[in-house]
Amino acid sequence: MNDRNGVLAIRRILVAVDAAPDSVAVLETAAVIAAGLNAELRGIFVEDINLLRLAGLPFTRELAWSSATELHLDYQRMERVLRGRGAHARQAIVSVSSQLKLHGSLQVVRGHVVQELLQAAANVDLIILGKGGRAASGIRIGSVALRIAQEAACPVLLLTERGLPHQQAVMTTFTGQTRDELSLSMASRLARLVHGGLLVVIPAATQDEYVRRQQQAHDLLREGSLSITYQSVKTPDARFYQRLAMAERVGLAVLDLKEENDEELQNRLAVLPCSVLLLR
Amino acid sequence: MDQALKPEQLYRRCDPEQLRFDTTAELPDLTEIIGQERALEALRFGINMANSGYNIYALGPPGIGKHTLITQLLAEPAQRKHPPCDWCYVNNFDDPRRPHALSLPPGRGRTLRDDVARLIEDLKTAIPAAFETDEYRARAQELDEEFKERQEKSINELQNQAREHNIDLIRTPAGFAFAPTHDGEVVSPEEFERLPKKEQEAISERVAKLQEKLRAVIRQVPQWRQESREKLRALNREVAISAAEHPIHALREKYADLPQVVAYLEATQEDIIGNIDDFRQREEPQSPLLALTGEHATSFRRYEVNLLVERADETGVPVLYEDNPTYQNLVGRLEHVAMMGALLTDFTLIKAGALHRANGGYLLLDAHKVLTQPFAWEALKRALRSRELHVESAERLLSLVSTVSLEPEPIPLDIKVVILGDRVLYYLLCEYDPEFAELFKVAADFEETLERTPESQQHYAQLIATMGRKNQLTPFNRHAVARIIEQSSRSSGDITKLSTHLRGIADLLHESDYFARNAKAKVVDALHVQQAIDAQERRSDRIKERMREAIQRGTVLISTDGAVAGQVNGLSVIELGGYAFGIPHRITARVRLGEGEVIDIEREVELGGPVHSKGVLILSGYLGAHYAADLPLSVSATLVFEQSYGQVEGDSASSAELYALLSALSGAPVKQSLAVTGSVNQQGEVQAIGSVNEKIEGFFDVCKLRGLSGEQGVLIPAANVQNLMLRRDLVEAATQGLFHIYPVTTIDQGIALLTGIPAGEPDADGEYPEDSINGQVQARLKVMAQLRQAYAEHSKDKEPL
């Protein structure tokens, strides 16, 4: 998916809208990105078959998160709720598309969420979805988000409830390898989009190595007007990124998925308190 | 008529040759205060007497120089003392309704105010900065993450437990639910139906148990959130303390010698830390309504220092004159600001009054002003009695309105109040205000005159020189000074005295200077002084002139020649707006047979005052004792002030009335060329009266208008000779023998002058010579007594048996 200049070309963006009320925020952020990158926005709303099945079971009860009260579940009600959400999502995408003058559409399908999303993602350049579970539930990486992150073939943007905060930094890692150039260019594009700074983490064993890599990054980011901070580190781990993100008010981390295993990935995504863009 | 006074007795000149200078420019300033020894002694005593209650009341007529003298006298002791302390009002963080008063050494009040203002300004940037640090942000986010981790962990645990039994925790639109799964997918209802009953039940049971556990987890969440918030609050406090501690500590060191201030700073620190959000929210845009109420701005007002009284640049203690002693100007005011229709106040709106500003020193007030201002007098007394200053709004005092109000901590009062006022007020206060005597123990009574001696005249010249220099007037030569001294003597009403009425002198100096400048003179001469005196008189003599005109035209009947029985020219004085002039009055008497009463027509129609009536009643005493000691006084006499249509008061015409009565009884005509003044007692002695100069001049003016005959003159009580300072033209006429002033000590002397017939001395039997006035009066009274007796017997005979 690289064009010849080592710049990621993004023409089609898929945004996953789910039943959660805060997914409208995800949709809006996705629209802004689509407008910024001049891409087409395709929305997808999956009527979760598991939810419908659940509602059909005789004994199930829904336990409300905010009040711990028990709510009765039945198939008709669940269907009605999902239909309503779908309509709501459609309305949202139509209105935001006309506002930002972009090409937007929404597809509603019924099935398994992950499967449907992966299937739809096959034809796009970027998939955007909410990162967390329910905002207040404290779940920092949702199961759907995790599976898409692990399995999708295209880059994945996982948004926190804050989306891509304006004027906050975009963080990426640069080791001097060619594939890191892609991360660097994507991070600088998004930093311009949100009018924030660019924070480049340079893992280096020695000072010389650090200086060399910094120079290299600096040469790649020739275009001015961006505030760039370089951060040297010997061996970065998940906690390091977490602390750095907190201290530097990072709004988005750009990660390159290399040979990380699933568990490592889950941990990294969980501890990063910001939105994450995963590149492959 | 050799009894007439000599011209030099009519006017005591001030000989310019006695004055040892050419012009007042040569004279040094007068440093001492002349003629006020009693007042000075009292003032010095009052000023140096430190005990409370020794406040001073300076009594004397307005314009006598009380204010000038007291200010001059206070200047030196005020300079000698150390300036009193500064006073501030600060917020009472425990009870904002009762602001604290802080006293600081002079000049440090302002320093404290500025220091605290700077501290708050600094903290407005330092505190947000402390919360902007990476350290704080990281710690705050850590707390948030900790909370999230805690939730996630318990949910994950539950999920793992569920998965052991092929049950999954599923997110639903509103919360969570558990469902049995098969290969990661929720079992469909149809599949579930197909399961054996037993298994269905087992699954339901497990789901119910898991739900119970989930419920427990969810219920824990608010508590965790609360704990997380508590931790954040503690962190905020820690950050705030670290940001605020250093600058406040530096201030506490600076004011370590003032424990009150240190306590205030500690309270301020506590309040700042407790309200740290006020400082953090600084950058936030205000809502329009909030901006309207000023709520945001007022939150920082509580840290202000209200510098009530400042003594930074002063030396000595204050000497303050409060020109407008209203209640609020005296004890201070509580101002209010209108906010959304409500009236609000706080400690920054406490304003000092004169008592605050003069605290530690001296306050001068006008008695009349302070007594006419509502509540001012009571408030002044309350402050002096309690020796504390309470600021209380007048509305609250009256319970007129009950807006939000304050009770500021009272400030100790150490002050000496000097009240300046006239004598009447002093005596009235002594009489009717029981507290007055306790609070104002020193009376400084100002003299209106001083002895006229060569020394005092020289001092007077010096006083003129000093006043002239102070007001940049043209210098006065000694003739002018002599003329001013003479005029001063006249206005004091005594040739042996000089007036101490400084305002009168100052006015005359200014006016003389005006005439001298108009004439382009280099020095003020006697001529200019005379012009000023004449102009003063001219400005106020419209009524006098109208009355003279009425006499001249014959509208008011006054004879100045010829002789008429039972008719005498009396003299009265009219005082209008501080200007007095004399005017002659015709007094007539008529007698007939009666029962010995003298009827005063003025009294009958209630136009005569009590003193006047007293004078008339004395007449019958005189008549009875003098002529009819052993006879019934069988005369009925009527006395009247002809053409008098207003109130008559005073007894200065009683001798004239007696002369008229004697003339009427004796039938001897009275010379109309003479006028009479003087009161009389039962013994027939003529007694002194007031305003003798004006009275004489009143008659002289009438005579002069008609042409002086050389016969005309005035009879005055001999005791009044020392008051004579007559006008120059009158003295001139007397010198030429055209007008005469006769001093009279007894009625006998006077009647002889008026009728040209001797009064007559009684012989051993009390009988007067037949051809004397007294003899004729006695004879007439005898006849009347006999007549009355005859009538009485006649009517008795006729009485039926």
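The values are calculated or read from the model by the stated rules, or taken from the named source; none is laboratory data. Keep in mind it's a predicted model, so treat the numbers as computed, not measured. Note that each Cβ is placed from the backbone with ideal geometry, even for glycine, and that neighbours are counted across all protein chains shown. Ligands, DNA and RNA are stripped out before the accessible areas are found, and what is left, the full protein with its side chains, is counted by its heavy atoms. Shrake-Rupley method; radii C 1.70, N 1.55, O 1.52, S 1.80 Å.
Name the one entry in B:ASP507, B:ASP494 that is open to solvent by 20 Å² or more (accessible area, probe 1.4 Å) and farther than 18 Å from B:ALA526 by Cβ.
B:ASP494
Of the conditions (1) in a helix (DSSP H, G or I); (2) modelled with pLDDT under 55, B:PRO285 clears all except one; give me its number.
Every listed condition holds for B:PRO285 apart from (1).
Out of segment A:38-51, which residues are open to solvent by less than 20 Å² (accessible area, probe 1.4 Å) and either modelled with pLDDT under 85 or within 7 Å of chain B (Cβ to nearest Cβ) (or both)? I'd like the intermediate steps shown before the answer.
As a first pass, look at segment A:38-51 and keep what is open to solvent by less than 20 Å² (accessible area, probe 1.4 Å): A:39, A:41, A:43-46, A:51.
Result: A:LEU51, single match.
Report whether or not B:GLU201 is part of a helix (DSSP H, G or I), of a type outside the set (A, V, I, L, M), under 23 Å from A:ASP48 (Cβ atoms) and open to solvent by 90 Å² or more (accessible area, probe 1.4 Å). Steps first, please.
Working: part of a helix (DSSP H, G or I): yes; of a type outside the set (A, V, I, L, M): yes; under 23 Å from A:ASP48 (Cβ atoms): no; open to solvent by 90 Å² or more (accessible area, probe 1.4 Å): yes.
In short, no.
Evaluate segment A:129-152: report whether one residue or more is on the phi < 0 side of the Ramachandran plot, within 18 Å of the chain's Cα centre (by Cα) and at pLDDT 90 or above. First the steps, then the outcome.
Within segment A:129-152, the subset on the phi < 0 side of the Ramachandran plot is A:129-137, A:139-152.
Within this subset, residues satisfying the condition of being within 18 Å of the chain's Cα centre (by Cα) are A:129-135, A:139-152.
Of the ones still in play, those that are also at pLDDT 90 or above are none.
Scanning segment A:129-152, I find no residue that is on the phi < 0 side of the Ramachandran plot, within 18 Å of the chain's Cα centre (by Cα) and at pLDDT 90 or above, so the answer is no.
Of everything in segment B:693-735, what is of a type in the set (A, V, I, L, M, F, W, C) and not in a helix (DSSP H, G or I)? Give them in sequence order. Before the answer, list the steps.
So the first thing to find is which residues in segment B:693-735 are of a type in the set (A, V, I, L, M, F, W, C), and the list is B:696, B:699-700, B:702-703, B:705, B:708, B:714-716, B:718-719, B:721, B:724-726, B:730-731, B:733-734.
The answer is B:LEU708, B:VAL714, B:LEU715, B:ILE716, B:LEU724, B:MET725, B:LEU726.
Is at least one residue of segment A:143-164 within 14 Å of chain B (Cβ to nearest Cβ), open to solvent by 30 Å² or more (accessible area, probe 1.4 Å) and under 20 Å from A:ALA31 (Cβ atoms)?
Yes: segment A:143-164 contains one or more residues that are within 14 Å of chain B (Cβ to nearest Cβ), open to solvent by 30 Å² or more (accessible area, probe 1.4 Å) and under 20 Å from A:ALA31 (Cβ atoms).
Among helices (runs of 4 or more DSSP H) lying entirely in segment B:332-423, which contain 3 or more residues that are closer than 24 Å to B:ASN92 by Cβ and modelled with pLDDT of 85 or more? Working first, answer last.
Numbers: elements: B:354-358, B:367-372, B:376-386, B:394-397.
Because the criterion is at least 3 residues that are closer than 24 Å to B:ASN92 by Cβ and modelled with pLDDT of 85 or more, the helices (runs of 4 or more DSSP H) in segment B:332-423 that meet it are B:354-358, B:376-386.
List every residue pair whose Cβ atoms sit under 8 Å apart, with the two residues 6 or more apart in sequence or on different chains, where the first one lies in segment A:158-174 and is at pLDDT 80 or above and the second, anywhere, is aromatic (Phe, Trp, Tyr).
That search, which allows pairs on different chains as well, returns A:MET171/A:TYR241.
Given (1) under 13 Å from A:LEU82 (Cβ atoms); (2) modelled with pLDDT of 90 or more, where does A:ALA19 come up short, assuming only one miss?
Only one criterion is unmet by A:ALA19, namely (2).
Please count how many residues of segment A:250-280 are out of contact with any Asp or Glu (no Cβ under 9 Å at 6 or more places or on another chain), within 13 Å of chain B (Cβ to nearest Cβ) and farther than 13 Å from A:LEU158 by Cα.
Selection size over segment A:250-280: 2.
Just checking, does segment B:253-275 include any residue being at the interface with another protein chain (Cβ under 10 Å from one of its Cβ atoms), open to solvent by less than 30 Å² (accessible area, probe 1.4 Å) and in a helix (DSSP H, G or I)? Full working, then the answer.
First pass over segment B:253-275, keeping only residues at the interface with another protein chain (Cβ under 10 Å from one of its Cβ atoms): none.
Taking every residue of segment B:253-275 in turn, none turns out to be at the interface with another protein chain (Cβ under 10 Å from one of its Cβ atoms), open to solvent by less than 30 Å² (accessible area, probe 1.4 Å) and in a helix (DSSP H, G or I).
For B:SER512, state whether it is open to solvent by less than 60 Å² (accessible area, probe 1.4 Å) and within 16 Å of B:MET725 (Cβ to Cβ).
Details: open to solvent by less than 60 Å² (accessible area, probe 1.4 Å): yes; within 16 Å of B:MET725 (Cβ to Cβ): no.
For B:SER512, the condition - open to solvent by less than 60 Å² (accessible area, probe 1.4 Å) and within 16 Å of B:MET725 (Cβ to Cβ) - is not met.
Would you mind stating whether A:ALA169 is surrounded by 21 or more Cβ atoms within 10 Å (Cβ to Cβ) and within 19 Å of the chain's Cα centre (by Cα)? Break it down stepwise before answering.
On the way: surrounded by 21 or more Cβ atoms within 10 Å (Cβ to Cβ): yes; within 19 Å of the chain's Cα centre (by Cα): yes.
For A:ALA169, the condition - surrounded by 21 or more Cβ atoms within 10 Å (Cβ to Cβ) and within 19 Å of the chain's Cα centre (by Cα) - is met.
Within segment B:757-801, track down each residue that is surrounded by fewer than 14 Cβ atoms within 10 Å (Cβ to Cβ) and either of a type in the set (Val, Ile, Thr) or under 59 Å from the mean Cα position of the chain (by Cα) (or both). Before the answer, list the steps.
Step one: filter segment B:757-801 for residues surrounded by fewer than 14 Cβ atoms within 10 Å (Cβ to Cβ), giving B:761, B:763-767, B:770-771, B:783, B:786-787, B:789-801.
Scanning segment B:757-801 gives a single hit, B:VAL783.
If I go through segment B:493-531 residue by residue, how many of them are in a helix (DSSP H, G or I), more than 34 Å from the chain's Cα centre (by Cα) and basic (Lys, Arg)?
Final tally of qualifying residues: 1.
Which condition does B:LEU425 not pass, out of (1) in contact with a strand residue (DSSP E or B) (Cβ under 7 Å, 6 or more places away or on another chain); (2) more than 30 Å from B:ARG113 (Cα to Cα), if it passes all the others?
Tallying (1) in contact with a strand residue (DSSP E or B) (Cβ under 7 Å, 6 or more places away or on another chain); (2) more than 30 Å from B:ARG113 (Cα to Cα), B:LEU425 fails exactly one: (1).
Inspect all residues belonging to segment A:195-216 and state whether any of them is more than 26 Å from A:GLY130 (Cα to Cα), open to solvent by 20 Å² or more (accessible area, probe 1.4 Å) and touching a helix residue (DSSP H, G or I) at 6+ places or on another chain (Cβ under 8 Å). Working first, answer last.
The initial filter retains those residues of segment A:195-216 that are more than 26 Å from A:GLY130 (Cα to Cα), namely A:202-216.
Cutting the leftovers down to open to solvent by 20 Å² or more (accessible area, probe 1.4 Å) gives us A:205-216.
Adding the requirement that they be touching a helix residue (DSSP H, G or I) at 6+ places or on another chain (Cβ under 8 Å) leaves none.
Scanning segment A:195-216, I find no residue that is more than 26 Å from A:GLY130 (Cα to Cα), open to solvent by 20 Å² or more (accessible area, probe 1.4 Å) and touching a helix residue (DSSP H, G or I) at 6+ places or on another chain (Cβ under 8 Å), so the answer is no.
Which of the residues spanning segment B:582-608 are open to solvent by less than 10 Å² (accessible area, probe 1.4 Å) and more than 11 Å from B:THR638 (Cα to Cα)?
Start the filter on segment B:582-608 by keeping residues that are open to solvent by less than 10 Å² (accessible area, probe 1.4 Å), which leaves B:582-584, B:587, B:589, B:600, B:602.
Passing the criteria: B:GLY582, B:ILE583, B:PRO584.
Just one of B:SER644, B:SER663 is under 47 Å from the mean Cα position of the chain (by Cα) and of a type in the set (Ser, Thr, Tyr); which is it? Spell out how you get there, then give the answer.
Working: B:SER663 fails: under 47 Å from the mean Cα position of the chain (by Cα).
Criteria check complete, one pass: B:SER644.
Would you confirm whether or not segment A:18-26 contains a residue that is over 20 Å from B:ASP168 (Cβ atoms), of a type in the set (D, E, K, R) and more than 7 Å from chain B (Cβ to nearest Cβ)?
If we filter segment A:18-26 for residues that are over 20 Å from B:ASP168 (Cβ atoms), which is where we start, we get A:21-26.
Now drop any that are not of a type in the set (D, E, K, R), which leaves A:22.
Going one step further and asking which of them are more than 7 Å from chain B (Cβ to nearest Cβ), we end up with A:22.
Yes, segment A:18-26 contains at least one residue that is over 20 Å from B:ASP168 (Cβ atoms), of a type in the set (D, E, K, R) and more than 7 Å from chain B (Cβ to nearest Cβ).
Which condition number does A:ALA238 fail, the rest of (1) modelled with pLDDT under 85; (2) open to solvent by 50 Å² or more (accessible area, probe 1.4 Å); (3) within 14 Å of chain B (Cβ to nearest Cβ) being met?
Only one criterion is unmet by A:ALA238, namely (2).
Just to verify a result, which residue in segment B:40-58, among those that are polar (S, T, N, Q) and touching a residue at least 60 places away in the same chain (Cβ under 8 Å), is surrounded by the most Cβ atoms within 10 Å (Cβ to Cβ)?
Of segment B:40-58, the ones polar (S, T, N, Q) are B:48, B:51-52, B:55.
Checking the rest, the ones that are also touching a residue at least 60 places away in the same chain (Cβ under 8 Å) come to B:52, B:55.
On the way: B:SER52: 16, B:ASN55: 22.
The extreme case among them is B:ASN55.
Pick out the one residue from B:SER652, B:SER691, B:SER636 that is surrounded by 23 or more Cβ atoms within 10 Å (Cβ to Cβ), in contact with an Asp or Glu (Cβ under 9 Å, 6 or more places away or on another chain), hydroxyl-bearing (Ser, Thr, Tyr) and modelled with pLDDT under 95.
After ruling out the rest, the residue left standing is B:SER691.
Here's the yes/no breakdown for (1) over 41 Å from the mean Cα position of the chain (by Cα); (2) open to solvent by less than 10 Å² (accessible area, probe 1.4 Å); (3) within 15 Å of B:ILE558 (Cβ to Cβ):
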residue	(1), (2), (3)
B:GLY698	no, yes, yes
B:VAL702	yes, yes, yes
B:GLY707	yes, no, yes
B:GLN722	no, no, no
B:LEU726	no, yes, no
B:LEU730	yes, yes, no
B:ALA734	yes, no, no
B:GLY737	yes, no, no
B:ILE741	yes, yes, no
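Can you run down the residue pairs with Cβ atoms below 8 Å, 6 or more apart or on separate chains, where the first is in segment B:207-236 and within 14 Å of another protein chain (Cβ to nearest Cβ) and among the basic types (Lys, Arg) and the partner is surrounded by 15 or more Cβ atoms within 10 Å (Cβ to Cβ) and part of a helix (DSSP H, G or I)?
Every condition considered, the pairs that remain are B:LYS213/B:LEU158; B:LYS213/B:GLN161; B:ARG225/B:PHE147.
Within segment A:52-94, can you find the residues that are open to solvent by less than 60 Å² (accessible area, probe 1.4 Å) and among the hydroxyl-bearing types (Ser, Thr, Tyr)?
Once the filter is applied, which keeps residues that are open to solvent by less than 60 Å² (accessible area, probe 1.4 Å) and among the hydroxyl-bearing types (Ser, Thr, Tyr), segment A:52-94 yields only A:THR60.
Report whether or not B:ARG382 is surrounded by fewer than 19 Cβ atoms within 10 Å (Cβ to Cβ), in contact (Cβ under 8 Å) with a residue 60 or more places away in the chain and closer than 29 Å to B:GLY60 by Cβ.
No.
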